[in-house]
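Only one structure is covered here, and it is reproduced in the block below.
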Amino acid sequence: MTSRKLSYKSAQYFSSLMEDYLVEKDKLKPFYHRFPKLELFKAQIEEKQAEFSSKKTSREILVTSLLEQYNGLEDSKRSLSNIKLLNDSKTFTITTGHQLNLFTGPLYFLYKIVSVINLCKQLKVVYPSYNFVPVYWMATEDHDFEEIKYFNYHGKKIVWNREATGGVGRLLNDGLEQVLEVFKEELGTSDNAGEIITIFKAAYLKHDNLAQATRYLAHQLFGKEGLVIIDGDDSSLKSLAIPHFKDELLYQTSFYKVNETIENWPAAYKVQVTPREINLFYLKDDLRERIVLENDIYKVVDSDISFTKNEILIELQNHPERFSPNVIMRPLYQEVILPNLCYIGGGGEMAYWLELKEYFNSQNVTFPMLLMRNSALLMTRKQKDKVEKLSLELKDLFLKDFELDEKLTKQLSEIEIDFSTQKEHLHKQFKELYKIALQTEASFQGAVAAQEHKQIKGLEHLEKRLLKAQKRKLKDFLNRASDLQKELFPNSSLQERQENFSSFYLEYGSNLIEHIKENLDPLDMNFTIIVLDT
């Protein structure tokens, strides 16, 4: 098994914001605290340690809540050991978060988890007197079921068809027996297929709700690495955030601080999220709706629920679990309850985190280091051999399909398709004509310019026709290259955003995760191409 690296800029699938962040462009430095380099983690540790020195009960509540969440989960010795370590003031977390996508959703779920696991290992080598715990934050309070109700297996969409409201973690696993039957038909009868079916069945058919199922599934894949999986939809954990939720209800600090940041946001980059005046939802049973303040009354949108100021503060004190942070406040909630050093996420996540530093400062909460998760392309040995037979460079596969066609046609053609030399020769000839034109009337100068334009256009037209002719001649070769590109980039998108891990687990079994762990370095700011051995 081998791997190759490619810069994110060369991959051409990532935003300019992320490309610039990864190379530490100066204009982005005001929007983050420390860049994720091993040598800078010492200062981050000391700052977070100082913050938590006055919050001993926070660690105790965190550990107690996590032990309750893990109650009944089998084979969780490594994770339970890490949970108990969180009582120690020298223990810190590295965290990633992800929606509760059916059967993990897109492949990059694995890359997120591997990124936190591998970074914890690297930090332990450099800072052996501290402990580092990998954490997966389940987005159980999200209510966008449409985004998570399916996964793609070898291009086929496997869908959980049902109606859903409220936080998705609370959804009962009704109807997933039928989903499994559809999935089984696609998988076949190999040993690895049997293992995939067993994992799916144990996760979704033997647990009551989506949060429990997702915890079991992630634990089956990564529990032996000591991964700690946290559900923020928890009354005890929410109690730690009461002061910040109260501040939000009374003063709307996040709205003002994030908008101040947006005012100073570089014009070259898109603003990822815009805050609402109150960035909390009200969460109860199957209801999750925004809280708005109108004429001194707090109202829950699309419901009959309302509170006076005193009533909502009493509700917060008595039922903190009913207050659910949105995308603006969820990061703060996470960092309040976890002794966290670094958040690892995708480009979209990094973009909205970069808007939050000043809000964190206003709440006296240490802003974590921000690290973009590893991105990768999995390639079989057979596909790698095809690349070589087609005389392709790996980076060529990241081109748009028409760009790849054109590059290969010019590369393989025995005829020179580029008419740049002829165009330059033509320009030189017309320079002489312009000298003559200057000695006569203006209308003749116009005629020379028109003729130059016409002849250049004529050459460009011939160039395009020649390119088309050569493409027809090389059709079989170009089709093979195109087919390979479509295999590796389904729907003209990155593989990691389309395929589910099961597409590869069927062939490689549990070795798949080992291959990924061995080849991904979280602090290597490059795209990784992994060639999988059979």
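The values are calculated or read from the model by the stated rules, or taken from the named source; none is laboratory data. For clarity, every value in this text was computed on a predicted model and none was experimentally measured. In this analysis, Cβ positions are derived from the backbone assuming ideal geometry, glycine residues included, and neighbour counts consider all displayed protein chains. Note: areas computed on protein heavy atoms with side chains; ligands, DNA, RNA excluded. Shrake-Rupley method; radii C 1.70, N 1.55, O 1.52, S 1.80 Å.
Among residues belonging to segment 96-136 that are more than 16 Å from the chain's Cα centre (by Cα) and in a strand (DSSP E or B), point out the one that is surrounded by the fewest Cβ atoms within 10 Å (Cβ to Cβ).
Taking the candidates together, the pick is N131.
Take the conditions among the hydrophobic types (A, V, I, L, M, F, W, C) and surrounded by fewer than 16 Cβ atoms within 10 Å (Cβ to Cβ) and apply them to L85. Does it pass?
When the stated conditions are applied, L85 does not pass them.
Checking L66 against (1) open to solvent by less than 10 Å² (accessible area, probe 1.4 Å); (2) touching a helix residue (DSSP H, G or I) at 6+ places or on another chain (Cβ under 7 Å); (3) within 23 Å of P522 (Cβ to Cβ), only one condition comes out false. Which one?
Among (1) open to solvent by less than 10 Å² (accessible area, probe 1.4 Å); (2) touching a helix residue (DSSP H, G or I) at 6+ places or on another chain (Cβ under 7 Å); (3) within 23 Å of P522 (Cβ to Cβ), L66 violates only (3).
Spot the failing condition for I529; the list is (1) modelled with pLDDT of 95 or more; (2) within 21 Å of E388 (Cβ to Cβ); (3) surrounded by fewer than 21 Cβ atoms within 10 Å (Cβ to Cβ); (4) not polar (S, T, N, Q), and only one is missed.
Among (1) modelled with pLDDT of 95 or more; (2) within 21 Å of E388 (Cβ to Cβ); (3) surrounded by fewer than 21 Cβ atoms within 10 Å (Cβ to Cβ); (4) not polar (S, T, N, Q), the lone unmet condition for I529 is (3).
Across segment 250-265, what is the total count of residues that are open to solvent by 30 Å² or more (accessible area, probe 1.4 Å) and part of a loop (DSSP other than H, G, I, E, B)?
Residues of segment 250-265 that are open to solvent by 30 Å² or more (accessible area, probe 1.4 Å), as a first pass: 250-251, 255-257, 259-260, 262-264.
Filter once more, so that each one left must be part of a loop (DSSP other than H, G, I, E, B): 264.
Residues that pass the stated criteria total 1.
So for segment 449-457 (the condition being modelled with pLDDT under 70 and either open to solvent by 90 Å² or more (accessible area, probe 1.4 Å) or polar (S, T, N, Q) (or both)), does at least one residue qualify?
Yes, there is a match, as at least one residue in segment 449-457 is modelled with pLDDT under 70 and either open to solvent by 90 Å² or more (accessible area, probe 1.4 Å) or polar (S, T, N, Q) (or both).
Find the helices (runs of 4 or more DSSP H) located wholly in segment 139-249 whose residues include 3 or more that are open to solvent by 30 Å² or more (accessible area, probe 1.4 Å), of a type in the set (D, E) and out of contact with any Phe, Trp or Tyr (no Cβ under 6 Å at 6 or more places or on another chain), and list them. It would help to see each step written out before you state the result.
Working: elements: 145-148, 176-187, 191-200, 210-222, 235-239.
Result: 176-187.
Having 1 or more residues that are open to solvent by less than 40 Å² (accessible area, probe 1.4 Å) and of a type in the set (V, I, T) is the bar; report the strands (runs of 3 or more DSSP E) wholly within segment 266-374 that clear it.
So the answer is 287-294, 297-300, 340-345.
Can you tell me which residue among G72, G105 is on the phi > 0 side of the Ramachandran plot and at pLDDT below 95?
G72 is the lone residue from the list that is on the phi > 0 side of the Ramachandran plot and at pLDDT below 95.
Suppose we filter segment 244-284 for residues that are free of Cβ contacts under 8 Å to residues at least 60 places away in the same chain, among the polar types (S, T, N, Q) and touching a Pro at 6+ places or on another chain (Cβ under 8 Å); how many remain?
2
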